[in-house]
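Right, one structure below, let's go through it.
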Amino acid sequence: MAGLSAMGLSGLTHPPVAAQDVDTNENQPVASSPEPALGVETYPREFFDRFFPQNALDLLARVPGFAVEGGADLRGFSGGAGNVLIDGERPTIKAGGLEDFLKRIPADAVERIEITRGAQRAGETAGQGLVANVVRRPQSVAGTWSGELERNAEGLIYPRGEVSLTAPIGGWTTTTRINAFWEQFVFTDFECIRRDADGALLLFEEETLPSTLRDAFIATEAKRLLGAGTLTLNGRFGNSRYYQETGRDGFIARLPDGMPDRRTDIRFDSEYWTGELSADWTGRVADSWVLKVLGLGSFRDSEQSSSNVVEEPVGETAEISRFRAERFPVEVLARGTIGKLDGRLRPEFGLEMAYNRLDSSIALEVEDAAGVRPIDLPASDVTVEELRGEAFANITWIAAPGCTVEAGLAAETSRITVSGDAVGENSFTFLKPSLAVTHQLSDAVQLRAAVRRTVGQLDFNDFAASANAEDDRFLAGNPNLGPDQTTRASLTADIRLPSGAALNLEAFHEWREDVLEQVILPSGVPGIANAGSARFRGLDVEGSLPLTSILPGGLLEVTAEFRDSRFLDPITNATRDVYGLENPNIDIDFRHDVTAERFSWGIRYEPRTDYALFFVDEAIEEARGDRWTGFVETTRFFGVKMQLEVRNIGGQIFPRQRRLFAPDRSGAFIGSEILDRRRGEFVKFTVSDQF
C-alpha cells in the first residue's frame, strides 16, 4: 500500500486485529483505541461478512450509529469536508461526491474501518464529531461488479451496470470504477386542477410525465510513494442526459368528459459532459509534521432546451415557446497545508487559492399567430468570474485524557466580477472562527459542544437568467449576489453500548445572514437576491439497535432529521420557513441476517416529508408521501450475491399545491393549482460479486 497509513504517517490508524482476537458478538467492534481521548473503535473487514458488502460504501452503511455525510456546500476545499477519511486522509475529489468515491473501493480491498469519536485533524474533517477512516489493504488486488435490471410501474425494463478494480500497476496502486445506467421513472396518476380565487374550476388537466435519465462515468485513483510521501492522482469523466416529455389534456371549466379542449406538449432536454482531475502530495517534512499540497481542476459543459407547444382547440397550434441555455463552469484550486499529527498539541496551517468562472447564455422566444418574437430577460448572456484566497490555522489540543479542544480561524477574501448583458463587481472579506470541545464521560458516552462560522457556496447560475417552462416561470439574473453566512452552535451526544447498540444525537441552532431568496430585483423582474437573516434549528438522530435477544441476526436502524426555521419574508413582511425546508426526514430500517443460510431480508419505511417553495407571485406546498421498500438477498446460488428489491410498495403520493397572487405575494390571492401525483412500484433485481 502506497498510502500514508502504510508508512505510519497518518497518525490515525492502528495495527490490524489478529483473527483470534475477533469478538464472537457480531454486533460489537473488535478493538478500541488505547488513547481514551481519541475514542477509536475498530471494525475489521470480517465484521461485515454477514451483510454481503460489495464496496466501501456498503461497509460504512453497516457501521452502528454512523451515517456518511458528504460535506456541506461551502466555499473551497476544506469547507466541504465530510466525515470519512481514506487511509487517514480526505479524498481529493469534489465531482461525484464522497459516496461515488466510496463505491470505487471494493470491499475486499478494505482492511478495517475505524470510527473516531473526537478530534484528530481539524482541517481534514472540520466540524465533525464522528469520523470514519477506511483503511485499505497494502498492495491488494480486488474487484467488484454488479448488473441490474429494474422494472418501472409501466412495465418497462432497463439496465444498470458497474465494475470496480483495485490493483497495483508498476509502482502505482490504482482503483478504477466504470458505471453506466439508463432508467425511466413515471407518475402512474397525474391530475392538475386550477381554480380561481372563489374556487371555481378553471382548468382540469390529465397529464403523462415520463422522465428518462442516463449516465456513463469513469473514475480512477492512482497513488505511489514519491520522496518522503505519497503522490495521489484522481480523475473523473463522464456524460449525463436527462429528458422529460410531458403531455397534458386540458378541459376548460369542466371535468374530463369527451374530447379535451386543449393539448399541451412539453419537451425538456438536459445534457452535460463533466471532468475533474486532481493531484496531491502528502508526506513527512519534519518530526511529526506532514505537508499536503494539492491542485484540482474541473469543468462542466451543459446544454438545456425546452419546447412548449399549446394546441387550442386540439389540432390547431395556438402558441409555441422555446428555451435554450448553455452553461460552462470551470474551477481551478490550489491548496497547501502543514500540520503536526502527534502530541497533545496538533496545529495545522494552510493557504488556498481558487478561480471560478461561468459562461452562461440563454435564449427564449414565443411563436403565435403574430409570428416569432424573442423574450428579453435581464442578464441572459453573462460571464461570472471569482478569484478567492484563504489563509487558515487550526489546532487540536488533547487537554486531558478524554477531553479534546479544537479551535480554528480562517480569513477569506474574494472578488466577483460579472460581464456581458449585466455588469457588476463585488469584493468580500470574511473571518471564519470555530471552536469545539469533546469530552469522553465514560467508555459509552461522549459529549461534544461546537460553534462554527461558515460561508456558503454561491451558485453562479443565479447570476444569469433562467426559465421553467413547466410552471411558466422566468427569473432574471442578479450580478450583485453575495454568499450567505452561517454561525452554527451544536451539542452532540454519542452513546455506544457493549451490546452493539449505538445512538448519536445532535441538536443545533444556526444564525444565517444574507439568505438567498427570490425577490423583485431593481429591474422589476423576479430573481435571486440576498434577502435578509434567518434562524434555523434542528435535531439529528442516528441509532442502531441489535435485536439479538429477541431475533438473532435482527437489526433496527433509524436516521432522522427534524428542522424548523424563521425568516422574515421581504415581500409579505411575515415570518415563514426558509425556501425548500424539508421536515421531517426519517428512515427506519429493519434487517434480518440468517447467516447460516446465507440469506437476508429487510424493510425500510420513510414517513411523509413536507416542504414549501416561495416565489415572487406564488407559494408552493409539496410533499413526498410515505414510502415502503422491501428486499431479500442471498449468496446461496452460483457464489454471487442476488438481491430483489421492491420500492414504493403500494405506491407513493406527491401532492403539490400552488397558490397564486397578483402582483406578488403581498397582493390579492387570484387562484390555485393542485397536482395529484402518484408513483407506482419499482422492482429491481441485482447480481453482484467480488473477484
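The values are calculated or read from the model by the stated rules, or taken from the named source; none is laboratory data. As the structure is a prediction and not an experimental result, all values here were calculated from the model. Using ideal geometry, Cβ is built from the backbone for each residue, glycine included, and neighbour counts are taken over all protein chains shown.
With respect to Gly408, determine if the residue is on the phi > 0 side of the Ramachandran plot, crowded, with 16+ Cβ neighbours inside 10 Å and touching a residue at least 40 places away in the same chain (Cβ under 8 Å). So Gly408 fails the test.
None of Phe638, Phe590 is in contact with an Asp or Glu (Cβ under 9 Å, 6 or more places away or on another chain) and either in contact (Cβ under 8 Å) with a residue 40 or more places away in the chain or outside any strand (DSSP E or B) (or both) except Phe638.
Within segment 234-252, track down each residue that is of a type in the set (Lys, Arg) and surrounded by 17 or more Cβ atoms within 10 Å (Cβ to Cβ).
Once the filter is applied, which keeps residues that are of a type in the set (Lys, Arg) and surrounded by 17 or more Cβ atoms within 10 Å (Cβ to Cβ), segment 234-252 yields Arg236, Arg248.
Listed by first and then second residue, the pairs with beta-carbon distance under 9 Å, at least 6 apart or on different chains, first residue in segment 103-129 and modelled with pLDDT under 90, second part of a helix (DSSP H, G or I), are Gly123/Ser78; Glu124/Ser78; Ala126/Ser78; Ala126/Gly79. Condition check: over 28 Å from the mean Cα position of the chain (by Cα), more than 26 Å from Ala493 (Cα to Cα) and at pLDDT below 85. Does Gln20 satisfy that? Here the answer is yes, as Gln20 does meet what is asked.
Here is a yes/no grid of residues against (1) β-branched (Val, Ile, Thr); (2) under 29 Å from Arg90 (Cα atoms); (3) surrounded by fewer than 16 Cβ atoms within 10 Å (Cβ to Cβ):
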residue	(1), (2), (3)
Pro138	no, yes, yes
Val141	yes, yes, yes
Trp145	no, yes, no
Glu148	no, no, no
Gly170	no, yes, yes
Asn179	no, yes, no
Glu183	no, no, no
Phe190	no, no, no
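Considering segment 141-186, the residues that are touching a helix residue (DSSP H, G or I) at 6+ places or on another chain (Cβ under 6 Å) and small (Gly, Ala, Ser) include one that is farthest from Gly229 (Cα to Cα), namely Ser164.
Would you confirm whether or not segment 314-330 contains a residue that is in contact with a Gly (Cβ under 7 Å, 6 or more places away or on another chain), touching a residue at least 24 places away in the same chain (Cβ under 8 Å), under 30 Å from Phe217 (Cα atoms) and of a type in the set (A, V, I, L, M)?
no
Any residue at all in segment 260-281 that is surrounded by fewer than 16 Cβ atoms within 10 Å (Cβ to Cβ), part of a strand (DSSP E or B) and of a type in the set (Val, Ile, Thr)? No, segment 260-281 has no match at all. Just one of the listed residues (Ala436, Ala464) is aliphatic (A, V, I, L, M), over 30 Å from Thr396 (Cα atoms) and either buried (at least 22 other Cβ atoms within 10 Å of the Cβ) or within 23 Å of the chain's Cα centre (by Cα) (or both), and it is Ala464. It is to be established whether one or more residues within segment 281-294 are at pLDDT 95 or above and either charged (D, E, K, R) or on the phi > 0 side of the Ramachandran plot (or both). No, there is no match, as no residue in segment 281-294 is at pLDDT 95 or above and either charged (D, E, K, R) or on the phi > 0 side of the Ramachandran plot (or both). Say whether the condition of being assigned to a strand (DSSP E or B) and over 25 Å from Asp376 (Cα atoms) is met by at least one residue in segment 460-480. Within segment 460-480, none of the residues are assigned to a strand (DSSP E or B) and over 25 Å from Asp376 (Cα atoms). Residues considered: Arg254, Arg236. Of these, the only one that is in a strand (DSSP E or B) and either over 29 Å from Arg647 (Cβ atoms) or of a type in the set (D, E, K, R) (or both) is Arg236. I'd like to check something: does segment 507-515 contain any residue that is part of a loop (DSSP other than H, G, I, E, B), closer than 25 Å to Asn480 by Cα, under 24 Å from the mean Cα position of the chain (by Cα) and in contact (Cβ under 8 Å) with a residue 40 or more places away in the chain? Yes, segment 507-515 has at least one match.
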